[in-house]
1. Would it be correct to say that C:ILE45 is more than 21 Å from C:PRO354 (Cβ to Cβ) and in contact (Cβ under 8 Å) with a residue 40 or more places away in the chain?
2. Of everything in region C:197-216, what is closer than 19 Å to C:PHE393 by Cβ and at pLDDT below 85? Give them in sequence order.
3. Name the residue, out of C:MET475, C:MET427, that is of a type in the set (A, V, I, L, M, F, W, C) and in contact with a Lys or Arg (Cβ under 7 Å, 6 or more places away or on another chain).
4. Looking at region C:459-479, is at least one residue surrounded by 11 or more Cβ atoms within 10 Å (Cβ to Cβ), among the hydrophobic types (A, V, I, L, M, F, W, C) and at pLDDT below 80?
5. In region C:278-329, what residues are in a helix (DSSP H, G or I), within 14 Å of chain B (Cβ to nearest Cβ) and either crowded, with 24+ Cβ neighbours inside 10 Å or free of Cβ contacts under 8 Å to residues at least 12 places away in the same chain (or both)?
6. When you check C:PHE13 against the structure, is it closer than 25 Å to C:VAL399 by Cα, modelled with pLDDT of 85 or more and of a type outside the set (A, V, I, L, M), yes or no?
7. Do you know which residues across region A:88-106 are among the aliphatic types (A, V, I, L, M), buried (at least 20 other Cβ atoms within 10 Å of the Cβ), within 20 Å of C:ALA416 (Cα to Cα) and in contact (Cβ under 8 Å) with a residue 12 or more places away in the chain?
Amino acid sequence: MKIRASVYFLIFIILFTAYVMATSLTFRYTEDKQLIIFAGSLILILVLVELPRELRTQGRTQKGVVDQAGQAIDPGMVRRRIISGLAWLAAYIAGVYLLGFNVASIIFIISYSMLHKVGWFKAISIATITIASTYVLFELGLKIAPYRGVLLSWL
Amino acid sequence: MKTRVLFMLALSICLVTILTLFAWGCAPKSTTLAPADFYKSKTVDWTSAGAPGGNVDQVTRIMQPVLAKQLGTTVTVTSRQGGGGLEGHNHVWFAEADGTHLNLWDSFALVTELAFEPGSAKYAPAKFSYIIGFPQTDRFMFFVAKDSPYTTIEKLKSGKNLKMGGTSPTGGYSMATYSVASLLGLDAKVLVGLKGAADIALRIAQGEIAGAVMAASQGPIYADKLKPIFGLGSKRSPLYPDVPALSELAKFQDPVQNLALKLGDTAFSPLRAVFTGPGVPQERIDYLREIFSKKVIPEVRTDLQKAFSGGQTTVDLMKLEDFISGANVTRDTLAYWNEREQLKKIFDKMIADYRM
Amino acid sequence: MIDAFLQGTAAVFQPTVLTAMLAGTVIGLVVGIIPAVGSLEAMAILIPFVFRLPPEVGLGFLVALASVVFTSGSITTILVGIPGTATNVATLIDGFPMNQKGEGARAIGAALTASMFGGVVAVAMAMIMIPVVVPLVMAFRTPEMVVVILMGLMFIAVVTEGSRIKGIISGLLGIILAMVGTNALTGTLRFTYGTVFLREGIGLIPLVLGAWGVASLLDLTVTGQTSASSTLLKTKLSGVMQGAKDVLLHKWMALRSAVIGYIIGVIPGVGAPLATFMAYGQAKQISKNPEQFGHGCVEGVIAPETANNAKEAGALLTTMVFGIPGSADMAIMMGAFFLLGVIPGPQMVKEHLPLAFTLLIGIAFANIVGGVLCFLSVNPLMKVARISVRILFPLVSVVIIAAAFTQQMSIYSAVAVFTFGILGFLMKMFGYSRTALTLGFVLGGLFEHYLYQALKLHGPLFFLTPISLIMIAIMVFLLIQPYINSLKGALGRLHTRGG
């Protein structure tokens, strides 16, 4: 029987809560652990109530994801788009860490836009306007210097 | 199409790297420049390790534009709050030792962070390069409600099941309150976790706690609800010249007690200093010291007095020469860092005895 | 008192004060539009520029800035699905779905009008309540604080969309997340893994940006081409005016929300988001169509937005009259008071009462002017709803990460946003309530904090105080009210059939 992702999510909640409760038992004072143990216990009880319900509805047809035009989207396509979105974000954050906010943002905007068939002129314009706006708002306005990447700091 | 985009991506990364290397290569080598010229060619990064809008942040931002004008360069204030100041201090500790990374903090926080929060702090406070220190403009005092029956030390000592308050578990107010309970041998327990002087004042006024230690400058704000009955240490507060200091009211023979009392004159008073990282060339420290003491402080001292003393400007609390010696006082205070093991034992016992 | 009021009002119309308030309003609106950046950062930076000005000019500027941040924040919240400030989260529950249905203009119209209404009504309440705010604040000790926060937690069950069990699980998860960091009562480092970043806990900003902002972005990449369906988009002025009319249609609900927001604002240390969630919760409880909440119901926008702006007047009043900051913004404001030579507290009421009135009127002024300026900007701003996701995704990602760095300049802030983004997306996908998660997170830490203080100071029967018991009775009534209504309905039907 293929187990739905929602069941895995419930299992993740169980494992996370169990870990948190076990760790809290090592805290020095009673006040540090009491509320965690109480909330954690409630979570475990509720999850144990919810889990059979989730398993019971396994066989029923799920409502698919639809786009704005009301057309159903193939679940495989949904998964690919989610993974793609997450991958882009992760790569962007890694870029910020290495190259700094400004450089990484320019590269991210241009590469994402062009790979999604936005013209190069539009992509560069959007990147320029975005960086200029963040510069004015954050650096000049709020006096928050941008994150300097590890590589550029070393230089 | 994809190949073209990937090619352009690679090209842009190469271009950025080459330009950065070129700019770095063209930059004048700092070791050959006089301090005044050096600072003109650099951006000074001043870490604000406190919460935005808090006292430390305010004082930093008051001085920043004047410092920028006097140095003839850009001075940016970067908020690096986190870990009660640890984030900011760690940053300055590891930053390049060229004198362009400044910080402002109070010395007691530096000591307690290390004495009681091992592991996260990567620095040794006495090894920072101190530029100027702000002399003690404030002292810690023990406050009770206006209508409290505990108006003297004797009445405090005769009180039963007293409830007192403190802020963060190892913060200055809490440590000072524990010290009071221990020094006077009170039948008391200290509840920590209150959110600052305002919260302490409210709880005392509401009758939930009998008293607590706060900075003297907070007193006038809550003058209709609270009153101080003694000050910590051996000196009276200029804001309350009629309120005696603890050493006038009680004698302590025990060396441990005396250490705790000594803290009332030094670490238990908000002693702030501007500092930079270790290993900065002495000529730059001297240059910054001169700029701060002769140009920056005179221009902003009234505003600083207001910021430090909670608006109480009736007393001239700062002599100009004290700012220079303040750097030395800070360093001396941080000598307690050498006694941190002993300090930790003392306070661990106080916490065990008096924690609610 | 009347003389002071007249003097204070006259001061507002001095050209310098008026200009300062206008400038503060404009800056506040701009700051509010930036996701997750609130007035704290702007005020911290601007204080050095204002402290040499006369108090009514400098403080008027800051008060105006702080008052309207949430107003423009609601625009970002509704159009893009990223809360403009942490307190706009409750608006997002119904505001963004309204935009997705093509009713974005109506949602914004309702939000702006509700903000203006809340701000103005609260100022009127504040002025009347100047003599009684001190006894009110003094009456709220730790037991009462525990019960108020418990009431807020109770709303987890109310605000949750879909499965109640999943909603409560979400709320409890939020409470557990709030435990990360240093326990203020004991100093114990919980789940910090030796990092400085987590010592102060997981910030609300990364959680909100991630669970709501990133999750909405991922949703957009999966489902849509624009944040609002272009076939349904109504950007005409009539949409905005419809929203404004909705506030008038629900004026009593708006008034209740304003009262809730104001009272929460007066009580120091409770947390601003509580006002918006409680207002939302009461609106849902009392609504004739509670099942529509969470799916784009205009009442779900009006209630939190009214409370959001109403709380500022309450917080300012507590700060000025009592000397206790009523909110995080007001803590900064207190610093500004000192720098400008005004000592907040009873001294201020005695010596600077006209200034107190000037500042309160300043809140009303800023709310009205801010609302009008936002109304004029709605049409061009609505174009955001038409931007393709191919452009919106990178743009919004950059803004989210930039906003994450405002809290702490550490790459962990961005990582935290990403992590909560995954969590928020999964929660949305599997029917768990992010609202409940946020509410649990906001209130969990506070509840633990006050609960243990109340237990230590007053013992296990701490809740046996008159005010606490009244609030507990209200809480029980609100909890059982839907069942009472169902029972009444069933009995009515039985009676009809029998008759």
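The values are calculated or read from the model by the stated rules, or taken from the named source; none is laboratory data. Predicted model, so just to flag it, every value in this text is computed and none were measured. Glycine also receives a Cβ, built like all others from the backbone with ideal geometry; neighbour counts cover every protein chain displayed.
1. Against the criterion (more than 21 Å from C:PRO354 (Cβ to Cβ) and in contact (Cβ under 8 Å) with a residue 40 or more places away in the chain), C:ILE45 does not qualify.
2. Within region C:197-216, C:SER216 is the sole residue that qualifies.
3. On the way: C:MET475 fails: in contact with a Lys or Arg (Cβ under 7 Å, 6 or more places away or on another chain).
From the options C:MET475, C:MET427, the qualifying one is C:MET427.
4. Scanning region C:459-479, I find at least one residue that is surrounded by 11 or more Cβ atoms within 10 Å (Cβ to Cβ), among the hydrophobic types (A, V, I, L, M, F, W, C) and at pLDDT below 80, so the answer is yes.
5. Matches in region C:278-329: C:ALA315, C:THR318, C:THR319, C:MET320, C:VAL321, C:PHE322, C:ASP329.
6. Considered against the rule, which asks whether it is closer than 25 Å to C:VAL399 by Cα, modelled with pLDDT of 85 or more and of a type outside the set (A, V, I, L, M), C:PHE13 comes out as no.
7. If the condition is that a residue be among the aliphatic types (A, V, I, L, M), buried (at least 20 other Cβ atoms within 10 Å of the Cβ), within 20 Å of C:ALA416 (Cα to Cα) and in contact (Cβ under 8 Å) with a residue 12 or more places away in the chain, then A:VAL96, A:LEU99, A:ALA104 are the ones that fit.
Per-residue answers, yes or no, for (1) out of contact with any helix residue (DSSP H, G or I) (no Cβ under 9 Å at 6 or more places or on another chain); (2) assigned to a helix (DSSP H, G or I):
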| position | (1), (2) |
| --- | --- |
| C:GLU448 | no, yes |
| C:GLN453 | no, yes |
| C:LEU461 | yes, no |
| C:LEU478 | no, yes |
| C:SER486 | yes, yes |
| C:ARG497 | yes, yes |
